[in-house]
Amino acid sequence: MSNKVIALGVSGGIAAYKAAALTSMLHKRGYEIHVLMTKNATEFVSPLTFETLSGNRVSVDTFDRNFEYNVQHVALAQKADLFVVAPATANVIAKFACGIADDMLTTTFLACRCKKLICPAMNTGMLENPATQQNIETLRGRGMAFLDAADGLLACGDVGKGRLAEPEEIADYIEELLSPKPLAGCKVLVTAGPTQESMDPVRFLTNHSTGKMGYALARQARNLGAEVTLVSGPVALAPVRGVRMVPIRSAAEMAAAVKGAFPEQDITIKAAAVADYTFAVTSDEKLKKGDGELNLALQRTEDILKSLGQAARPDQVLCGFAMETQNLLENARKKLEGKNADMIVANSLRDAGAGFGTDTNRVTLLTREGAEPLELMDKEEVAREVLTRCLSILEKKRGN
Ligand code: CTP
């Protein structure tokens with residue numbers, strides 16, 4: 001749970017309702033939220049909604065004398081770790097760019113020295129207007145982060161760019177901005193998801209991997225400051241923002257993508273569930289059924305982790321995964337040694353809360369030094385633990 005303080009500025013747009021969902025999400029994640037609304041924003045959502053969701057008073061009027069602080073905006077400006085504005089209207093962005101402070105939100109924003117994240121939401125014409133674009137550029141130039149508005153149907157009936165990013169995406173950016181950056185300067189390669197081995201243009205051989213663990217690793221590596229490449233099989237997950245996404249389908253495509261990127265990596269984590277077998281022959285045409293049995297020959301795919309283990313330099317860290325149904329540690333240790341990995345993250349399909357599609361995992365981290373069983377935890381937390389261990393192995397290898 002975080003003890004970080006977030007000032008959330010809400011300006012007057014229909015997307016203000018999404019800021020309520022964001023407040024609830026951040027509050028549940030343990031952040032201390034202080035909401036500041038423009039007068040117009042209170043026409044869309046009542047301050048009471050934000051007070052209930054954040055558990056804190058909402059600031060609207062600069063001259064409100066009922067607050068516990070004498071100079072509320074200065075107190076919050078000093079206390080906040082991050083100032084988020086969502087939705088940010090064209091008007092409020094223009095005020096920020098010019099340094100105008102004429103209400104609680106703009107006054108506090110101007111007084112605040114912490115990092116700032118602005119999430120614009122407005123009509124497409126307003127967004128594309130050179131005045132707005134120039135204001136955004138000015139603020140970017142001052143080091144402020146922007147989460148671009150998305151395309152879609154806008155409240156005014158137009159279809160175009162201008163929709164506020166989803167609360168989940170804003171929360172994701174907030175976590176990145178507030179995270180320490182021990183992996184700054186590091187390149188991290190992650191593989192995720194299943195592979196699909198085609199039998200013909202219609203059918204394929206695959207497995208139950210959903211990619212959640214690999215995507216959590218990529219997201220957390222990004223949060224910790226790494227430059228991340230995510231080689232991903234076909235999954236139903238949204239791409240990870242700020243990460244180089246390399247979509248692949250088959251084990252052979254994954255091998256090519258991973259081996260190409262590997263030499264420049266500091267840390268490589270192979271969380272993908274790669275098919276061990278592919279069809280010896282893939283038909284170009286749809287195979288038609290006959291009356292009898294169908295026997296199709298399978299052949300081994302390249303063991304990518306093993307190839308990497310053979311090619312790895314002493315200053316690179318290589319981490320694999322092992323999912324087992326029996327003899328977890330014994331099988332995982334065989335993989336550690338046989339594939340020349342530095343660490344194997346072992347998990348058992350038989351453990352409650354571990355395995356395919358779950359949001360949690362119970363893993364044992366296996367290195368040359370020994371086995372470290374971790375508690376059942378969220379996949380995002382498992383990802384942080386794995387990355388922290390990889391970093392300490394990297395530091396040890398490089399003698400710092
Ligand atoms: N792996 C790989 N290439 C393959 C198969 C697996 O790189 N063709 C990697 C996985 O990404 C994972 C690790 O090897 O990091 C373990 O995968 P797993 O399939 O559990 O192990 P195998 O070595 O294939 O052994 P077995 O299937 O016999 O358990």
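What follows is calculated from the coordinates using simple rules that are stated; it is not laboratory data. Bear in mind the structure is a predicted one, so any value in this text is a computation, not a measurement. Glycine gets a Cβ as well: all are built from the backbone with ideal geometry, and neighbour counts include every protein chain shown.
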Of L127, G99, T42, farthest towards positive along the dipole that unit charges on Lys, Arg, Asp, Glu beta carbons give the chain: G99
May I ask for the angle, rounded to the nearest 10°, between helix 379-397 and the longest principal axis of the chain, with both axes built from Cα atoms and the value confined to 0 to 90°? 70
Is the C-alpha gyration tensor of the range 133-244 telling us rounded, prolate or oblate? Criteria: a/c under 1.5 is rounded; beyond that, a/b larger than b/c is prolate, otherwise oblate. oblate
Net +/- balance of residues flanking G9 in space, Cβ distance below 12 Å, scoring K and R +1, D and E -1: +1
Which of rounded, prolate, oblate describes the range 285-330, given a ≥ b ≥ c as roots of the alpha-carbon gyration tensor eigenvalues and a/c under 1.5 marking rounded, otherwise prolate only if a/b is larger than b/c? oblate
Rough spin-label spacing in nm, given labels placed 7 Å along Cα→Cβ, for I14 and L298: 5.2
Given springs between every Cα pair under 10 Å in a Gaussian network model of the chain, which of P180, P247, P314 has the largest fluctuation? P314
Just to be sure I understand: of the beta bridges DSSP finds with both ends in the chain, what percent are antiparallel, rounded to 5? 30
Could the peptides 88-94, 171-177 be put in order, highest first, of the mean number of other beta-carbon atoms found within 10 Å of their residues? 88-94, 171-177
So for each of 370-381, 344-355 I average, over its residues, the number of other beta carbons within 10 Å; can you give me the resulting order with the highest mean first? 344-355, 370-381
For the pair A238 and D148, how long in nm is the line joining their label points, each one 7 Å along Cα→Cβ? 1.4
Of the listed links K161/K259; K39/K181; K286/K335; K259/K397; K79/K396; K79/K397, those spanning more than 29 angstrom between alpha carbons are K161/K259; K39/K181; K286/K335; K79/K396; K79/K397
